[in-house]
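Every number in this text was worked out from the coordinates using simple rules, so none of it is lab data. Predicted, not measured: the structure shown is a model, and the values here were computed from it. All Cβ positions, glycine included, derive from the backbone under ideal geometry; neighbour counts span all protein chains shown.
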Amino acid sequence: MSANAVTAEEVPVTEEVRPVVRFLQGANLLGQAPLVEGNTLVEHAEDAGVRIPTNCTSGTCGTCMVTLLYGEIPLPEILPPGLDDYLVEECARLGCIGIPNGDVDVDIRPPL
Ligand code: FES
């Protein structure tokens, strides 16, 4: 072994960078949580210690509406009653059914 050889124990472990869901109110970062695949925005908010109000928890009432600032929260093919095309154009998403799929920033307030 040469003097410069690195053994397996010495190889630095590169930390896996997990996607993060961040919750803002304007410019204020309220909290953040690591992405848990399949969890909704509301569940991520709970993990982050941030409260998003809910009512129906089924995409119907719009109580949990937030504004997507960055990233992707896929929409169902048929929009639920709590959203319409205009709201979607304004980046509205529903926290109770919205499932982020990577780094996401949301403002916990609705867009309108
Ligand atoms: S709580 Fe009613 S749409 Fe989310």
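For the pair segment 19-49 / segment 79-98, the C-alpha centres are spaced 18 Å from each other. Scanning the chain for GluC sites (Glu not before Pro) that sit in a DSSP loop and have at most 10 other Cβ atoms within 10 Å, the longest stretch containing none of them is 38-76. For segment 64-70, 3J(HN,Hα) computed residue by residue from phi via the Karplus equation (6.51, -1.76, 1.60; θ = phi - 60°) reads 8, 5, 10, 10, 7, 9, 7 Hz, glycine and proline entered as x.
Placing one equal scatterer on every Cα of segment 5-112 and applying the Debye formula, the log10 ratio I(q)/I(0) at q = 0.12, 0.15 Å⁻¹ is -0.41, -0.58. From its DSSP helices (H runs of at least four residues, each -39,500 (n - 2.57)), the chain gives a residue-normalised ellipticity at 222 nm of -3000 deg cm²/dmol.
Counted by neighbouring Cβ atoms within 10 Å, the residues Asp105, Asp85 run from fewest to most as Asp85, Asp105. Along the charge dipole of the chain, which of Val42, Pro19, Leu112 sits closest to the positive end, that is, farthest toward it, with unit charges on the beta carbon of Lys, Arg, Asp and Glu (+1, +1, -1, -1)? It is Leu112. Taking a Cβ cut-off of under 15 Å around Thr63, the surrounding Lys, Arg, Asp and Glu residues balance to a net charge of +3, with basic ones at +1 and acidic ones at -1.
Remark: segment 34-51, residue by residue, has Karplus-estimated 3J(HN,Hα) of x, 5, 10, 4, x, 7, 7, 4, 4, 5, 5, 4, 4, 4, 8, x, 10, 9 Hz, where x stands for each Gly or Pro and the curve is 6.51 cos²θ - 1.76 cosθ + 1.60 at θ = phi - 60°.
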